[in-house]
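Heads up: the structure comes next, in structure tokens.
The values are calculated or read from the model by the stated rules, or taken from the named source; none is laboratory data. In this text, all values refer to a predicted model and were calculated from it rather than measured experimentally. Here Cβ is always computed from backbone atoms with ideal geometry, including for glycine, and neighbour counts include all displayed protein chains.
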Amino acid sequence: MKDYVKIIQHETSISVCFYIEHDEIITIGEKMNEINENAYMNGYNWEAFLKYYLMKNNPDVLENMGSDPEAGMYVAYFKLNDENKKKAEKLAGIIENLVENKSSLYEIVRNYGDEIEWD
């Protein structure tokens, strides 16, 4: 797993932490903002983007998922159980895949940015 996304298991929950102040993620966010001026990629707008992406592509991951966006981080969390551990792993993989294939991120913002409920 890349150093910008981590899965952290707590006593009763499991979290996916996406560290958006990582240099690579900042660069990607700046490019997304160039494409769509509303896509200022703080934690809240990463939440908006990921919610939109998951609703379109992986709605199952959103079931029972909470989130806590911050200025420098986006955290998704689930109650700890086997099903939600799989969801957390799937979400971390989705984030990693989007970052590693950043052209798909840019394409989504270019083509569907006006449908995303930016902060």
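Can you tell me which residues in the range 16-40 are surrounded by 20 or more Cβ atoms within 10 Å (Cβ to Cβ) and either of a type in the set (Lys, Arg) or in contact (Cβ under 8 Å) with a residue 40 or more places away in the chain (or both)? If you could, list the steps in order and put the result at the bottom.
Of all residues in the range 16-40, those surrounded by 20 or more Cβ atoms within 10 Å (Cβ to Cβ) come to 16, 18, 20, 25, 29, 32, 39.
Within the range 16-40, Val16, Phe18, Ile20, Ile25, Met32, Ala39 meet the criteria.
Show the residue pairs meeting these rules: Cβ distance below 7 Å; 6+ apart or different chains; first residue within the range 85-99 and modelled with pLDDT under 95 and in a helix (DSSP H, G or I); second residue surrounded by 22 or more Cβ atoms within 10 Å (Cβ to Cβ) and among the hydroxyl-bearing types (Ser, Thr, Tyr).
Cβ pairs passing all conditions: none.
How about the range 41-58: which of its residues are exposed (fewer than 13 other Cβ atoms within 10 Å of the Cβ) and basic (Lys, Arg)? So that I can check it myself, show each step before the final result.
So the first thing to find is which residues in the range 41-58 are exposed (fewer than 13 other Cβ atoms within 10 Å of the Cβ), and the list is 55-57.
Hit for the range 41-58 is Lys56, nothing else.
Return the residues of the range 51-90 that are out of contact with any Leu (no Cβ under 8 Å at 6 or more places or on another chain), over 13 Å from Tyr19 (Cα atoms) and among the aliphatic types (A, V, I, L, M); say none if nothing qualifies.
Leu80, Ala88
Just to check your reading of the model, which residue among Leu50, Leu80, Leu62 is at pLDDT 95 or above, under 19 Å from Gly113 (Cβ atoms) and of a type outside the set (Lys, Arg)? Working first, answer last.
On the way: Leu80 fails: under 19 Å from Gly113 (Cβ atoms); Leu62 fails: under 19 Å from Gly113 (Cβ atoms).
Of Leu50, Leu80, Leu62, the one residue that is at pLDDT 95 or above, under 19 Å from Gly113 (Cβ atoms) and of a type outside the set (Lys, Arg) is Leu50.
Being β-branched (Val, Ile, Thr) and under 13 Å from the mean Cα position of the chain (by Cα) is the filter here; which residues of the range 8-42 pass it?
Taking the range 8-42 and keeping what is β-branched (Val, Ile, Thr), we get 8, 12, 14, 16, 20, 25-28, 35.
If the condition is that a residue be β-branched (Val, Ile, Thr) and under 13 Å from the mean Cα position of the chain (by Cα), then Val16, Ile20, Ile25, Ile28 are the ones that fit.
Which pairs turn up if I take residues in the range 102-114 that are without any contact (Cβ under 8 Å) to a residue 24 or more places away in the chain and look for partners that are surrounded by 12 or more Cβ atoms within 10 Å (Cβ to Cβ) and assigned to a helix (DSSP H, G or I) with beta carbon separation below 8 Å, at least 6 apart in sequence or on another chain?
Listed pairs, sorted by first residue: Ser104/Leu98.
Does Lys79 satisfy the condition of being out of contact with any helix residue (DSSP H, G or I) (no Cβ under 6 Å at 6 or more places or on another chain) and basic (Lys, Arg)? Break it down into steps so the answer makes sense when it comes.
On the way: out of contact with any helix residue (DSSP H, G or I) (no Cβ under 6 Å at 6 or more places or on another chain): yes; basic (Lys, Arg): yes.
Yes, satisfied.
When you scan the range 75-93, how many residues do you find that are charged (D, E, K, R) and within 16 Å of Lys51 (Cβ to Cβ)? So that I can check it myself, show each step before the final result.
Pass one, the range 75-93, residues charged (D, E, K, R): 79, 82-83, 85-87, 89-90.
From what is left, the residues that are within 16 Å of Lys51 (Cβ to Cβ) are 87, 90.
The qualifying residues number 2.
Just to be sure before I move on: is Ser67 surrounded by 14 or more Cβ atoms within 10 Å (Cβ to Cβ), farther than 21 Å from Asp119 by Cα and out of contact with any Gly (no Cβ under 7 Å at 6 or more places or on another chain) in the structure I sent? Write out each step before concluding.
Values: surrounded by 14 or more Cβ atoms within 10 Å (Cβ to Cβ): yes; farther than 21 Å from Asp119 by Cα: no; out of contact with any Gly (no Cβ under 7 Å at 6 or more places or on another chain): yes.
No; evaluated as a whole, the condition is false for this residue.
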